[in-house]
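The values are calculated or read from the model by the stated rules, or taken from the named source; none is laboratory data. The structure presented is a predicted model; accordingly, all values stated were derived computationally and were not measured. FYI the Cβ positions are ideal-geometry reconstructions off the backbone, even for glycines, and counts take in every protein chain you see. All accessible areas refer to the heavy atoms of the entire protein, side chains included, with ligands and DNA or RNA removed. Shrake-Rupley method; radii C 1.70, N 1.55, O 1.52, S 1.80 Å.
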Amino acid sequence: MASAELQGKYQKLAQEYSKLRAQNQVLKKGVVDEQANSAALKEQLKMKDQSLRKLQQEMDSLTFRNLQLAKRVELLQDELALSEPRGKKNKKSGESSSQLSQEQKSVFDEDLQKKIEENERLHIQFFEADEQHKHVEAELRSRLATLEMEAAQHQAVVDGLTRKYMETIEKLQNDKAKLEVKSQTLEKEAKECRLRTEECQLQLKNLHEDLSSRLEESLSIISEKVPFNDTKYSQYNALNVPVHNRRHQLKMRDIAGQALAFVQDLVKGLLNFHTYTEQRIQIFPVDSAIDTISPLNQKFSQYLHENASYVRPLEEGMLHLFESITEDTVTVLETTVKLKTFSEHLTSYICFLRKILPYQLKSLEEECEASLCTSALRARNLELSQDMKKMTAVFEKLQTYIGLLALPSTEPDGLLRTNYSSVLTHVGAALHGFHDVMKDISKHYSQKATIEHELPTATQKLITTNDCILSSVVALTNGAGKIASFFSNNVDYFVASLSYGPKTASGFISPLSAECMLQYKKKAAAYMKALRKPLLESVPYEEALANRRVLLSSTESREGLAQQVQQSLEKISKLEQEKEHWMLEAQLAKIKLEKENQRTADKLKSTSSGQAVGVAQEGATVVTAAGQEDASAKAVPVPVHSTSLIGILTRTSDSEAPDVESREDLIRNHYMARIVELTSQLQLADSKSVHFYAECRALSKRLALAEKSKEALAEEMKVASQNNSRLQGNSKKNKSR
């Protein structure tokens, strides 16, 4: 392809070169002709110069002759002057001489007259020749200058063409060199491409054979193993869960959030517009505080008072639609069920607009019939009437297209998939129409409010209400412009996102299949979430196989450990019971001890001095502290310690405490220590017995395993002996043969 382009370019350059060469030849011929003409003119000029020089010489000779004649005339005149006085003197003497002089004079006069005429004629001829020579010389010089200028121009053209010709030749030579290099490169590339083509053909042949074998294998597997093909029929394929596109869902949710904000602004503006319109009806053209308004305006005001019940659901429907678009769903027209609810709310609001439109038009006509209504105000009212009709028509158009978009989620055949893009385009056009209508309403109402403010009966309440209505209309205009621009900017994305569904099918067949698909998607997400749970750490398979024998014969086997745990739990429960029992016993003993101490203190008060009472109280306090801590001895000021097999005992001297109390304490402490010792010995014996029992179980299991392995080895040995005997028999047969 590149070589063909280069060849065409080279041919064009060659054609241009041939044209320039032909032009160069023509110019050369013209220059030669002009040079020949210039040479001829130069020759003519030379001949003219020669004739001019001849005439100049003749002129010089004539001038010289004229001078001679003039001198001769002067001489003759001198002679005549000399002869005249001489004649006077000799008049009488010579008549013959006078006659002779008269004849000579007449001859001289004739000769002089001829010379004068000839001189005059020569002067005239000389002047005419000079003028003619000058004229011819001027013409020749101008023609020579023209020819020289033309020769210079032709020479410049020839030089330019020669230069261009040389540049073209040099450029063509460079292009030729480049084309030769490129041709060589292309030849190399063509050679490489031929080699690669051969390799690709070989690879293609191998791949074709491989794919053919795989296709046959796959077809055989499908025909044998696959019970049915769920992609063959669209109604089954629509149930397949599409690939989850999180970015698409986040984008759709963001767009829905922006649309919700715009709808909330529109709802706020519509509420303010209807509410302030109701307030205006109450004060204009008749103020309800002063006089009764007309029945028409009363009915109109009653209907406007109900505007919130029709406008608020629009925001709620859009909010439900926004909440239905989550990251986990699949957002297409077949799955946006809440769009039907929003369409129904919009239909309800349009019914409200249709209901109040006649009253609004009649109310404007009533304003026009008022006595203070000027022609300009009447014209503005008529324009507002037309704008209100257009506003209702735009809302009806918008509701029609939104209702069409809501059909795929409720009716399978309500709207064809091929018409989605056109419906979305018409929705955008309707939103722009709504924006244009609101701009007209804002413009006309602003003019109307300005005219009404100039009326003499305009109250401050009317001015404030008009300003509020105008601000709500401006807010509606801005909101309509924003939502129209927003939809126009995202309509391409809406059209592109309609194909977000099953790949091999034309789309979701019905809302029921879409709902089933969403349920399958939730189940699939739950299954994937369950698969993502981290697995618990386990012993590697090879290590488990290597330690199987050890695990089977280990003392920490499952059954032994379970029994140990069970026994330990039973012992713990028994020990807890005993602990509670002994705690109760300790509390009872403490109570008894406190009573005995109290009784002893009372007795000591009555029988002994204050010092003995202080000693007894000190002993009682020490004993109480010992009972709370479950100590093994009773503290006294000077204790006497003794060590035995059951622990450390503490005794008090007989002189510091009664014998009965000391004896009871010693017995109690002795038995407590004995119980502790026996309990520890019992626990040690139990643990040893459990250990021995586990060892016995392990040994029995090892013995059983050894018996099994013995039997397996015996079987193997038996089979080996049979094989050995069979081989020996075969060898003997071979030897006998």
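Let's see how each residue does on (1) under 24 Å from residue 264 (Cβ atoms); (2) in a loop (DSSP other than H, G, I, E, B); (3) under 36 Å from the mean Cα position of the chain (by Cα); (4) aromatic (Phe, Trp, Tyr):
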| site | (1), (2), (3), (4) |
| --- | --- |
| 405 | yes, no, yes, no |
| 420 | no, no, yes, yes |
| 439 | yes, no, yes, no |
| 467 | yes, no, no, no |
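Working only within segment 118-147, note down all residues that are within 30 Å of residue 28 (Cβ to Cβ) and without any contact (Cβ under 8 Å) to a residue 12 or more places away in the chain. Write out each step before concluding.
We begin by selecting, within segment 118-147, every residue within 30 Å of residue 28 (Cβ to Cβ); these are 139-147.
139, 141, 142, 145, 146, listed by residue number.
What about residue 184, is it out of contact with any Gly (no Cβ under 8 Å at 6 or more places or on another chain), modelled with pLDDT under 85 and part of a helix (DSSP H, G or I)?
Working: out of contact with any Gly (no Cβ under 8 Å at 6 or more places or on another chain): yes; modelled with pLDDT under 85: no; part of a helix (DSSP H, G or I): yes.
Against the criterion (out of contact with any Gly (no Cβ under 8 Å at 6 or more places or on another chain), modelled with pLDDT under 85 and part of a helix (DSSP H, G or I)), residue 184 does not qualify.
Could you run through segment 506-540 and say how many residues are modelled with pLDDT of 75 or more and either part of a helix (DSSP H, G or I) or more than 60 Å from the chain's Cα centre (by Cα) (or both)?
The number of residues fulfilling the criteria is 17.
Which of the residues that make up segment 311-327 are under 20 Å from residue 240 (Cα atoms) and touching a Leu at 6+ places or on another chain (Cβ under 9 Å)?
Answer for segment 311-327, where residues must be under 20 Å from residue 240 (Cα atoms) and touching a Leu at 6+ places or on another chain (Cβ under 9 Å): just 327.
In the list 664, 715, which residue meets the criterion of being in a helix (DSSP H, G or I) and either at pLDDT below 80 or surrounded by 13 or more Cβ atoms within 10 Å (Cβ to Cβ) (or both)?
On the way: 715 fails: either at pLDDT below 80 or surrounded by 13 or more Cβ atoms within 10 Å (Cβ to Cβ) (or both).
Exactly one of 664, 715 is in a helix (DSSP H, G or I) and either at pLDDT below 80 or surrounded by 13 or more Cβ atoms within 10 Å (Cβ to Cβ) (or both), namely 664.
Report yes if residue 363 is under 23 Å from residue 276 (Cα atoms) and either part of a helix (DSSP H, G or I) or open to solvent by less than 30 Å² (accessible area, probe 1.4 Å) (or both), otherwise no.
Values: under 23 Å from residue 276 (Cα atoms): yes; either part of a helix (DSSP H, G or I) or open to solvent by less than 30 Å² (accessible area, probe 1.4 Å) (or both): yes.
Yes, satisfied.
Please determine whether any residue of segment 292-306 is touching a residue at least 12 places away in the same chain (Cβ under 8 Å), open to solvent by less than 50 Å² (accessible area, probe 1.4 Å) and assigned to a loop (DSSP other than H, G, I, E, B).
Yes, segment 292-306 contains a residue that is touching a residue at least 12 places away in the same chain (Cβ under 8 Å), open to solvent by less than 50 Å² (accessible area, probe 1.4 Å) and assigned to a loop (DSSP other than H, G, I, E, B).
Check whether at least one residue in segment 638-647 is modelled with pLDDT under 75 and in a helix (DSSP H, G or I), and report yes or no. So that I can check it myself, show each step before the final result.
As a first pass, look at segment 638-647 and keep what is modelled with pLDDT under 75: 638-647.
Going one step further and asking which of them are in a helix (DSSP H, G or I), we end up with none.
So far as segment 638-647 goes, no, none of its residues is modelled with pLDDT under 75 and in a helix (DSSP H, G or I).
With the structure loaded, tell me whether residue 398 is within 48 Å of the chain's Cα centre (by Cα), in a helix (DSSP H, G or I) and under 20 Å from residue 436 (Cβ atoms) or whether it fails that test.
Working: within 48 Å of the chain's Cα centre (by Cα): yes; in a helix (DSSP H, G or I): yes; under 20 Å from residue 436 (Cβ atoms): yes.
Yes: the conditions hold for residue 398.
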